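The values are calculated or read from the model by the stated rules, or taken from the named source; none is laboratory data. Since the structure is predicted, the reported quantities are computational estimates derived from the model, not experimental observations. Every residue, glycine among them, receives a Cβ derived from its backbone with ideal geometry; neighbour counts consider all protein chains shown. Calculation scope for accessible area: heavy atoms of the full protein, side chains included, ligands and nucleic acids excluded. Shrake-Rupley method; radii C 1.70, N 1.55, O 1.52, S 1.80 Å.
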Amino acid sequence: GAVIVAAAGNEGVDRDVINVLVALPADDDLVVSVSGTGPLRWGLDPDVDLDGSALYSIRGTPEVTVAAPGGKRDPELFANPGLMCTVGGFTWPCFVFDLVHVAVPGPSWTYDAGTSFSAAHATGVLALVAGEDPDLSAGNSRSILLRSADDLGAPGRDSVYGRGRVNALQAVEAARTKTAAVVWHVP
């Protein structure tokens, strides 16, 4: 009765080319496997693509179900922590703006990247869907997540973004407007 969400993995392998890696539980057909996206050099250029594929993220079809923000690391910026950028009134080392802001044990925060953060984003969207309609089945919730995702990359399902990058607003609107007669299926 629950939707299981898992990180696709951070090995940077394209499983359409090299399929020797087993990623559990992400490989299970019933699991929503989430790849990572993020900007690159956003602190230096606010017009960069915020949904670029993260090179560390496992890619492959059918392994990747959807994508979600997971952050990126630019080795050049990371090696130069003294280079400062200001975005939205916040001044930090430039590499920080490409990462995900995360809590660490204790009253502290840090910045990092990985598909674990992408999986957390997708799980959050599912929680918002459940908040709109707590009676939705796991299958219907999963279907809403997949059908409301923004199709990026190659049209339809692809090896980088799966069915697309999760879209919280569209998912909540789909849950809110669903009628009892609608049956959600994802082929």
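Compared with the direct C-alpha span, the chain from residue 76 to residue 127 gains 14.7 nm at full extension, assuming 0.36 nm per residue.
Here the ratio of the Cα radius of gyration of segment 51-177 to 2.2 N^0.38 Å is 1.20. Considering the options 13, 100, 168, tell which one lies farthest towards the positive end of the dipole of the chain, charges being +1 on Lys and Arg and -1 on Asp and Glu at the Cβ, about the Cα centre. Farthest towards the positive end: 168. Computed on the chain, with alpha-carbon pairs under 8 angstrom and 6+ residues apart, the relative contact order is 23 percent.
With each label modelled as a point 7 angstrom along the Cα→C-beta vector, the residue 173-residue 83 pair spans 3.8 nm. Give me the net charge for the shell around residue 128: Cβ to Cβ below 11 angstrom, other residues only, Lys and Arg +1, Asp and Glu -1. Combined, the nearby Lys, Arg, Asp and Glu give -2.
Calculated FRET efficiency, residue 90 to residue 20, Cβ-Cβ distance, R0 = 30 Å: about 0.10 to the nearest 0.05. A probe of 1.4 angstrom, applied to the heavy atoms of all protein chains, finds residue 72 with accessible area near 30 square angstrom.
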